[in-house]
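Okay, so here's the structure we're looking at.
The values are calculated or read from the model by the stated rules, or taken from the named source; none is laboratory data. Bear in mind that the values here come from a model prediction, so they are computed numbers and not experimental data. Cβ coordinates were reconstructed from backbone atoms using ideal geometry, including for glycine residues, and neighbour counts include every protein chain displayed.
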């Protein structure tokens, strides 16, 4: 079965640079969630989209922005990167706003030097 | 403020033993409680989930016990195997169209042969 695809899998950036993370949800899934997981920590919700509209917002820095496109893939744009942004970034997808199960992708490991 | 509190932080169990992980939540409006299993470098994978109108749910070797009045739920892994060694996260959410997962801090389980 097709799973959530994230790219790139690994990313190394310098401070103050920008990064773009991409997420391709499971086919027919219309809801995308972004989570950030620091080393040894639990995933923290950043933002979600349903049918290309932002549906909820969590602890996402103003330096970050995201959107969902017509093919339902989503991109997380991160600017003015800081050392503290180094983390695993997960995308999850589900079917419908009331979809119970969120399926997580393999994550993008971002390292900011 | 941790809305979902998870314990223990780490757990060592012998092969064939029972692993028990506990979680407590604050928000009585939460109506969906999943458990996720995460291996190093991988995304969380849904293990089992429960709604608050059910006191117990069993799937294979995995059982969730739910105590609504105490606002607690737990995961029991019967006949624990070395392959179960992973980090386990409990989570809670409100299926009101937003569905963001609030995770516990995680339990690192090691099953020794």
The stretch B:70-83 - residue that is surrounded by 19 or more Cβ atoms within 10 Å (Cβ to Cβ) and closer than 16 Å to residue B:108 by Cβ and, of those, farthest from the chain's Cα centre (by Cα): B:80
In the stretch B:84-101, residue nearest to the other protein chains (Cβ to nearest Cβ) [restricted to those that are within 12 Å of the chain's Cα centre (by Cα) and crowded, with 22+ Cβ neighbours inside 10 Å]: B:89
Boolean, residue A:93 is part of a strand (DSSP E or B), within 29 Å of residue B:2 (Cβ to Cβ) and within 12 Å of another protein chain (Cβ to nearest Cβ): yes
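Residues A:21, A:46: which one is more than 11 Å from chain B (Cβ to nearest Cβ), crowded, with 22+ Cβ neighbours inside 10 Å and not in a loop (DSSP other than H, G, I, E, B)? I'd like the intermediate steps shown before the answer.
Working: A:46 fails: more than 11 Å from chain B (Cβ to nearest Cβ).
Only one candidate passes the filter, namely A:21.
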Elements of type strands (runs of 3 or more DSSP E) in the stretch B:12-64, at least 1 residues being over 12 Å from residue B:89 (Cα atoms): B:19-25, B:45-50, B:56-59
Residue that is surrounded by the fewest Cβ atoms within 10 Å (Cβ to Cβ), among those in the stretch A:1-18 that are more than 16 Å from residue A:78 (Cα to Cα) and at pLDDT 95 or above: A:5
